[in-house]
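Here's the structure we're looking at; comments come further down.
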Amino acid sequence: MKLASYVLMILLLNACGTNLKTKQNAAQNAATNHLQLGVAYMRRGQNEMALDPLQKALSINPNYAEAHNAIAVLYDRLGKNDEAKKHYQTSLQIKPNYYDAHNNYGQFLCKNDEFAQANIHFLKAIENPMYKTPEIAYTNAGICAVRYKKLTDAETYMRKALQSNSKFPRALFQMASISFDQQRYKQARNYLQRYSNVAKQTSKTLWFGFHIERKLNNKEAQVQYARLLRNQFPDALETQKLNQLEQ
């Protein structure tokens, strides 16, 4: 009888443990679904609609680092800096090596005039061996350095980004811009050409190309850029600037 009672107790405990695990898994799945819905809204620019599912994800699992990171990005977009900072910090307290949160928090800090701290977080993202796209954090670190007129640092970061991924469009365009600012116009042209090989031209890149060729006194290339700008982006601000320039 004692043995039978003991076996029954073990079976009941195992059943309780299984039920608890099932409930935990179901709760986490629900939190994940809310997170994915919130992120989907954010990707479509529907930021106000993203808030409710992200808050629900965190109400289900307050220790969900990915949800804290996502809602921090959202609060940043909504101009709620205190809330954004709190959730970035919570995300990294829960998951100290979370490279996406380090990268996003770095961008947030840079935008809010905390260059040194921003740099620390960019480097923490880059140093994580699990981070498969370090070119993103390198480029963000470089853009931050440009913001604070640290062009040497910016160029170093952009070169490292391109060492990681030689076809990363943002780094190529930023290197073109840095080269232009340093009056290395042929180098700027080369980087912009590399950019155009891997990404679609925008009104901004065409306008920039026009200025590069103007510095190089290449009339034919200027005409080509002007034609592309007018044909592809007739209503763009850059096209209006071009028309004013050529009046």
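We did not get these values from a lab; they are worked out from the coordinates using the rules stated. Everything numeric in this text was worked out from a predicted model, so none of it was measured. Positions of Cβ are backbone-derived with ideal geometry, glycine not excepted, and every protein chain shown enters the neighbour counts.
Points to keep in mind about this one:
- Spatial offset of the range 89-151 relative to the range 184-222 amounts to 29 Å, using the alpha carbon center of each.
- With both labels modelled 7 Å from their Cα along Cα-to-Cβ, the residue 243 to residue 221 distance reads 2.7 nm.
- The chain, dipole about Cα centre (Lys/Arg Cβ +1, Asp/Glu Cβ -1), debye to the nearest 20: 500
- Pairs with C-alpha atoms separated by more than 20 Å, drawn from the list 111/215; 85/149; 149/215; 111/150, are 111/215; 85/149; 149/215.
- Applying 1/(1 + (r/R0)^6) with r as the Cβ-Cβ distance of residue 190 and residue 44 and R0 = 35 angstrom yields a FRET efficiency of 0.45.
- Once the Cα atoms are used to define both axes, helix 219-232 deviates from the longest principal axis of the chain by about 50 degrees.
- Between amide H atoms placed 1.01 Å from N, distances below 5 Å from residue 97 occur with no residue 5 or more places distant or on a separate chain.
- With 27 Å as the limit on Cα-Cα distance, the pairs of 95/167; 200/241; 80/204 that go past it are 95/167; 80/204.
- Of (1) 18.3; (2) 13.7; (3) 15.1, the label for mean projected area of the Cα convex hull in nm² derived from the coordinates: (1)
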